[in-house]
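The values are calculated or read from the model by the stated rules, or taken from the named source; none is laboratory data. Values in this document were obtained by computation on a predicted structure and should not be read as measured data. We place every Cβ from the backbone using ideal geometry, glycine too, and count neighbours over all the protein chains shown.
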Amino acid sequence: MSNLRDQQSELSFQLQNGLLLSRQKSLEEARGEEEKPDKQMHTKLRLLPTLEASSTPLKRSDLRHQAFFIGQIVLLVVVVVQFIMLYRTCILAAAGVANAGLMKKQASSSSSSRPDYYQTSPELWPGPTPTGPAPFLAETNPAPFSSTTYIPNSPLETQVPIKGNSDNGNIFQLHGQLSHYFPNPVGFGVDEYSLPKDAHIAQLHMLSRHGSRYPTVGAGAQLLAEKIQNFTNGTLGEVTFTGELSFLNNWQYTLGNEILVPVGKQELFDSGTLHQYMYGHLYPNNGSKIVARSTTQDRMTKSAEYFLAGFFGLEWTSNATLVLAIETETEVWNNTLAGYFNCDNSYGYKNEGGDNATEQWVEIYLADATERLAPNAGKHFNWTAEDSYNAQSLCAYETVAVGYSSFCGLFTYEEWEGYEYSIDINFAGQSGFQSPTGRAVGAGYVEEIRARLEHHLIEKPTAQVNVTLDSNPKTFPLNQALNFDFSHDTNIMGILTAFGFTQFAEVLPVDHIKTDRQLVVSHMEPFAARLDIEVINTPSPLDGKRSEGDKYLDGDETTYVHFILNQRTLPLGVSYPECGPRDDGWCTLETFLDVLSTKLEEAQYDYSCNGDWPVVPYGALTDGVPPPPTGTLAA
C-alpha cells in the first residue's frame, strides 16, 4: 500500500510539473509569435514585393504550435490513464487486504466452532514440549572403535564395545520401554503361519505406542544430569572426574522434554509404511475418510500424524480424520488411551510395588558398577547405585536423541541384562498383574474393542470411556475395516492385563533374573510398539493343527481373531483355555467375545481406582486387582 501511495504522489508531481512546463512553453512561444508579426508588418511596409514569400514561415510556425499542443494533450491523456490504472490497482489491493482479513476472520470463526477433538493445530493440550539442540553425530561420533569392525550407523551409533559381550548381544535391545523399536526376536511361544487359502482379513484394530522421545519431566536421567552439572559448574563444589567418567568434565546435558526425537518420527512413519504394505487393501479408496484416534499430548498427536503420513502419504488428511482425546494432568477427561489419569489409585502411594521392587533389584545388580565408578567421581560427588541406574537411562535417552552416548560403555553386558530385568519388574508391579490397578487402567479400551467387534456404540458410563465420543458414530465408527489408535507404554501394558493375558502374570523375583520369563518389556513395549488385532474370515472352520498343513473342517463360514504384538503372534489359547490349543494362536470371534464379556467386571474398576483398600507389597497380587477391604476375606 505504501508503494502505491508513493507512486501516486510521484505521478501527481510529474503531472503538475508537466502541465506547468507545458504552460510555460506555450506562453514563451506565444510571446515569440507576437513579436514575429510586428517584424513581418514592418517588412511588408518596406518590402511589399516580398509579402508572398514571408507568409510561408508563418504557416510553419502555426503547424509547430498545433503539433506541440496536440503532443501536450497526448501526454496529458497518457498520464491521466496511468493515474487511473494505478488508482484502480490501489483500490483492488485494499479490497484484497479486506477480503483476506475477512477470510481469516471466517477461518478463525470456523476453527473456533470445531470440536476440540478434531483440532490438531494449534495444539490445545500438548504437554511439555521443550526440545534440545539438533544432533551432530557426524562430528561427535567416536566410531570406529578399536578392535571393532566398522559398521555404518543407521541412523543410531550402536557398535559401542561392551565388556562381557561374548555372544555379540545387542544392549540397545535391553533398554526396556526405552528401546528403539525392533520386532520381538523370540516370539511369544507359537510359530507364525501365513493366511490359508480362501481366508480373508476383514478388519484390523491397531494400538500403537508413540515413538522415541526425550525424557519425561523429573525422570532419573534429568536428576543425574542436574547433579553432574551442579558439580562441574561449581554450584555444589569442585569435582574433577577421572578414568571412565572423565568425559563428564566437558559433558553437557542437551536433551529436551517428552516430545519425539528424530528417530521417533521415523519409527512411526516406518510403521505406517509397513501397515500400508500389510493392510493397505482394507482402505476402501472411494473418497471416504477413516477415523483414527490419539491424544492431545504433542508426542501422541505427532506420532499419529507421522504414522498416517507413512500409511497414506503427506496428503493423509484427505484419507483420515484424527480424533484427539484430551490428555492433561491438570484436568480429568475420560480417555481410554491414557487411562491412568482416570484412576487415582494407579499413580498414588497404593501402586508403588513396582518401584519398590525395582529399587531392591538395583542395589543388587549395580553393586559392582557403583563400586567401580564411585572412585572416578570423587568422594564429594557420592556416586550411588541410583546414579548408576540413571546413567543407564541416559545411555538409552541420548542414543535415540543424539545418536550416541558415552554412558553406554560404562556398564558390562550382564549389568545391561540387569537393567532390562529392572524394568520388567517395574512394569509387572506398576501396570501388570502384580499391580492393584493393572486391569482397571486398561478396562475402558477393552470395552471399546468389544463394542467395535459387536458393532454397537457405548452410550452409558463405562470405566474411562469418553461417552461423548463413543456414543457418536462420527467419532467412534463401528464398521471401519481399518482402525488406528495411539497410546502410551504403561497404558498398553494395562490393556494387555485387562484383556487377561495371564501368560504375563508370573511373579518375577527381585533378587535374581528369571531368564525364562514371558514378560520382557523390551519385546512388548519398546518405542513405537504396536498391537495388531486381525479379524479373519474363513469359508469353514480351520483345523488348529497348522503344523500339519492347512485343513478346513466341515461347517459354516467362521470368523477368527488373531493378536500380533510387535510382529509376533500373541497366542490367545495360552491365556484363554476356551480358545483351544491352536498352533497359530487364533481364537474364534464368538469364543473371544464370550471371554471379553466378563473382563469389565473382573477389573473391578471403581474399587480399584477409587476404593480404600490395604496397601500390599510387590508379589502379593497376581491378578491385577487390589486386595479385598480390610477385615474381609477374598471369595
* What are the residues in segment 345-360 that are crowded, with 20+ Cβ neighbours inside 10 Å and of a type outside the set (S, T, Y), if any? -> N345, K350, N351, G353, G354, A357
* From T232, T158, which residue is over 28 Å from F427 (Cβ atoms), surrounded by 17 or more Cβ atoms within 10 Å (Cβ to Cβ) and of a type in the set (V, I, T)? -> T232
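Counting only residues that are hydrophobic (A, V, I, L, M, F, W, C) and assigned to a loop (DSSP other than H, G, I, E, B), which one in segment 326-346 is nearest to the chain's Cα centre (by Cα)?
Out of the qualifying residues, it is I326.
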* For segment 529-571, enumerate the residues that are in contact (Cβ under 8 Å) with a residue 24 or more places away in the chain, small (G, A, S) and within 14 Å of E192 (Cα to Cα). => G544, S547
* Structure fact -> Of the conditions (1) free of Cβ contacts under 8 Å to residues at least 60 places away in the same chain; (2) surrounded by 15 or more Cβ atoms within 10 Å (Cβ to Cβ); (3) not assigned by TED's automatic domain parsing to the domain that holds A338, the single one that V239 does not satisfy is (1)
* Would you please name the residue that is surrounded by the most Cβ atoms within 10 Å (Cβ to Cβ), looking only at residues in segment 618-635 that are modelled with pLDDT of 95 or more and over 33 Å from the mean Cα position of the chain (by Cα)? => P626
* To do: Keeping to segment 391-409, report how many residues are in a helix (DSSP H, G or I), more than 24 Å from the chain's Cα centre (by Cα) and surrounded by 23 or more Cβ atoms within 10 Å (Cβ to Cβ).
  => 3
* Asked: Assuming A374 fulfils every condition listed in (1) free of Cβ contacts under 8 Å to residues at least 24 places away in the same chain; (2) assigned to a helix (DSSP H, G or I); (3) over 30 Å from S246 (Cβ atoms) apart from one, which condition is it?
  -> (3)
* To do: Starting from residues that are over 29 Å from the mean Cα position of the chain (by Cα) and part of a helix (DSSP H, G or I), keep the ones in segment 483-517 and report whichever is farthest from V446 (Cα to Cα).
  => Q503
* **Filtered residues of segment 436-476 (kept if over 16 Å from M493 (Cα atoms), among the basic types (K, R) and assigned to a helix (DSSP H, G or I))** => R450, R452
* State which residue pairs qualify: first residue part of a helix (DSSP H, G or I) and inside segment 291-315, second residue basic (K, R) and at pLDDT 95 or above in any location, beta carbons under 6 Å apart, and separation of 6 or more residues or different chains. => R299/R213; Y306/K265
